[in-house]
Structures are given as C-alpha cells and as structure tokens.
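The structure appears below as structure tokens.
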Amino acid sequence: MPRTVLVTGATSGIGRAVAARLAADRDGPAARAEVFVTGRHADSVERTAGELGVHGVVCDATDPGQVAALGRRLGPRLDVLVNAAGGLPDPAPADAAPLEALLGQWQEALAQNLLGAVLTTASVQDLLTEGSAVVSIGSIGAERRGGSYGAAKAALAAWNASLSAELGPRGITCNVVSAGYVAGTGFFRGRMTDERHRSLVQETHTKRPGTPDDIAETVSFLASPGARHITGQTLHVNGGAFTTR
Ligand SMILES: NC(=O)c1ccc[n+]([C@@H]2O[C@H](COP(=O)([O-])OP(=O)(O)OC[C@H]3O[C@@H](n4cnc5c(N)ncnc54)[C@H](OP(=O)(O)O)[C@@H]3O)[C@@H](O)[C@H]2O)c1
C-alpha cells in the first residue's frame, strides 16, 4: 500500500524539497506515496501541488480550526508527518510599546516554531500507525544566539523527546532534524547579506551552506525502514557548524 505523507510549510524551501523527495520514494513498483503539502496561501499551495503532483491544503499550522480541518482531509491513515512550517518572527511595529512588542515577538516565534508542530501532530496522531515517523525541522539557532526563534526551536526538541516517549510504544518514531544555515529558501526574506553568508559558511567544516536537499535526504532516511530504532533524537545537519562533542 502506498505511504501517506503530510509535509507542513511545503510551498518553498526545505518543506518543498522534503515533499518532492518523499513523493519520489517508492515502496514497490507501483506505489508512489500520497503526499499532502500545506502553506498559508492558496496560490502558492495550488502551484506547489501542481508542480510536484501532490495534494495541496491551505492550512495555517498555528490556527487550531484550520489544523483540525486538515486532519479531516487526510485519509484513514498517515505514515509520515513532517513539521517543516516555521520561520523568524516579524520585526515589531516601530510604534509598539517595548514590552508589548517583546511579547508579540516571542508569541509569534513560539506559535510559528513550536505550537504549529504541536497542534498539527495532535490533530493527526491517531492516524499514525505502527512504523510511522514524525519529523520536525529544528534549527542550529536552538544551540546558540537564537533569541526567541532559538528558544522556540529548543522547546520543539524538548517537546519531541516527550512525544517520542508517548508514541514509541505504538511503533512510531519522532525526531528533530536540526538544520544549520540553508541557502536558497525564503527564510531570510531577502535580509541575508554577502558578509553574513560568508561568515555562516566559514563556520562550517564543509565550507558551504546547506541545501534543502541535504535536509530532505535526512528526513527521508528517518522515515525509512532503516531508521526504526532512532527516536527521541535531534539530528544536526549543519556541515559541522555545531558539533555535539
Ligand atoms: N533556511 C534556513 O537556514 C533554516 C535553518 C534552520 C531551520 N530552518 C527551518 O526550516 C523550516 C523551513 O524553512 P525554510 O528555510 O524552508 O523557509 P521558507 O522557504 O520560508 O519556507 C517556509 C514554509 O513554511 C510555510 N509556512 C510558514 N508559516 C506557516 C504556517 N504558520 N503554517 C503553514 N505554513 C507555514 C511557508 O509558506 P507560507 O508563507 O505561504 O505559509 C513556506 O512554505 C522552518 O521551520 C525553519 O525554521 C531553516
């Protein structure tokens, strides 16, 4: 039976590469995965779904009503959930009171990078079956200098550990793929400078930025039969910019 896959935040960058990679996986000669992709905007969701030959659903991962509706759109079972939706919070409006601005920024960072994954997973977790995988996209920002964004991604990894303990007895694995600097996505919204790019590349051992495909390959492995005893982990994909020892 073909796998059913859901990738949130898949209209661009890492999520899109993951959806394309998992859509190309085949369980057998005729079994192409049924892949669902989400994003907040109908035009980009439709375009991505058409280009990748997958199903598109408009869904803001931070909106409980939309996330509940997404759960109802999927079939009776789900084999792979990838929580890729996320990003940097918007800068506060110039006229906002300082503490209001701070609160708003932290709430947005937490909603975008933690709560979206928590809500989506809760909405679909009864559809996950023995052998299913949940993969959430974390960040090197959780390890250092990450501000509200890094704190939210650190909380994502902490939540993942408890999710793994909860779903492990059902044969479901839960992992975070923590990405270093990945070029060629919408993440920096045009604010990446040549100097910052050079400095981020310099921090790596491989002397290159990550690509969305680097992350997609790791997600594909975690969702494969060879990774069934890897769970509750944070896997760092960053060219050595942060090492675990
Ligand atoms: N690029 C990097 O260097 C880097 C490094 C570490 C971690 N990451 C993480 O990787 C993930 C993907 O980022 P990216 O670099 O691929 O950026 P991206 O190109 O901006 O992709 C973000 C995707 O998420 C969607 N999205 C954003 N908020 C959403 C929401 N609330 N609900 C549903 N979809 C939402 C966006 O579409 P719409 O805006 O149309 O909704 C878009 O499809 C994020 O979790 C990010 O934190 C990125």
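Nothing in this text is a laboratory measurement; each read-out follows from the coordinates by a stated rule. Worth saying up front: this structure is predicted, and the values here are computed from it rather than measured. Counting neighbours? That spans all protein chains shown, and the Cβs are built from the backbone with ideal geometry, glycine included.
Let me spell out the model: positive unit charges on the Cβ of Lys and Arg, negative unit charges on the Cβ of Asp and Glu, origin at the Cα centre of segment 4-237. What dipole size does that give, in debye rounded to 20? If you can, show how the numbers build up before the last one.
Values: 20 positive and 23 negative charges, 80 e Å.
The calculation lands at about 380 debye.
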Using the charge dipole of the chain (Lys, Arg: +1 at Cβ; Asp, Glu: -1 at Cβ; taken about the Cα centre), state which of Leu128, Ala84, Ala183 has its Cα farthest towards the positive end.
Ala183
At q = 0.14, 0.21, 0.24, 0.30 Å⁻¹, work out log10 I(q)/I(0) for segment 192-245 with the Debye formula, treating every Cα as an identical point scatterer and leaving solvent out; two decimals please.
-0.48, -0.85, -0.98, -1.16
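Restricting things to Cα coordinates, could you compute the convex hull volume per residue of segment 1-81 in Å³?
Working: hull volume 6.5 nm³, N = 81.
It comes to 81 Å³ per residue, whole-number rounded.
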For Phe242 paired with Leu99, estimate the spin-label separation in nm (one decimal), with each label point 7 Å from Cα along the Cα-to-Cβ line.
3.1 nm
Where does segment 43-153 land on Rg/Rh, using Cα atoms and the Kirkwood Rh?
1.03
Hey, if you drop one equal point scatterer on each alpha-carbon of segment 120-245 and run the Debye formula without solvent, what base-10 log of I(q)/I(0) do you get at q = 0.11, 0.19, 0.23 Å⁻¹?
-0.41, -1.07, -1.38
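Taking the Cβ of Gly75 as the centre, find all other residues whose Cβ is under 12 Å away and add up their charges (Lys, Arg: +1; Asp, Glu: -1).
Working: positive: Arg3, Arg72, Arg73, Arg77; negative: Glu34, Asp79.
With Lys, Arg at +1 and Asp, Glu at -1, the net is +2.
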Any idea what diffusion coefficient the chain gets from Stokes-Einstein, in µm²/s, Kirkwood Rh on alpha carbon pairs, 20 °C, 1.002 mPa s?
118 µm²/s
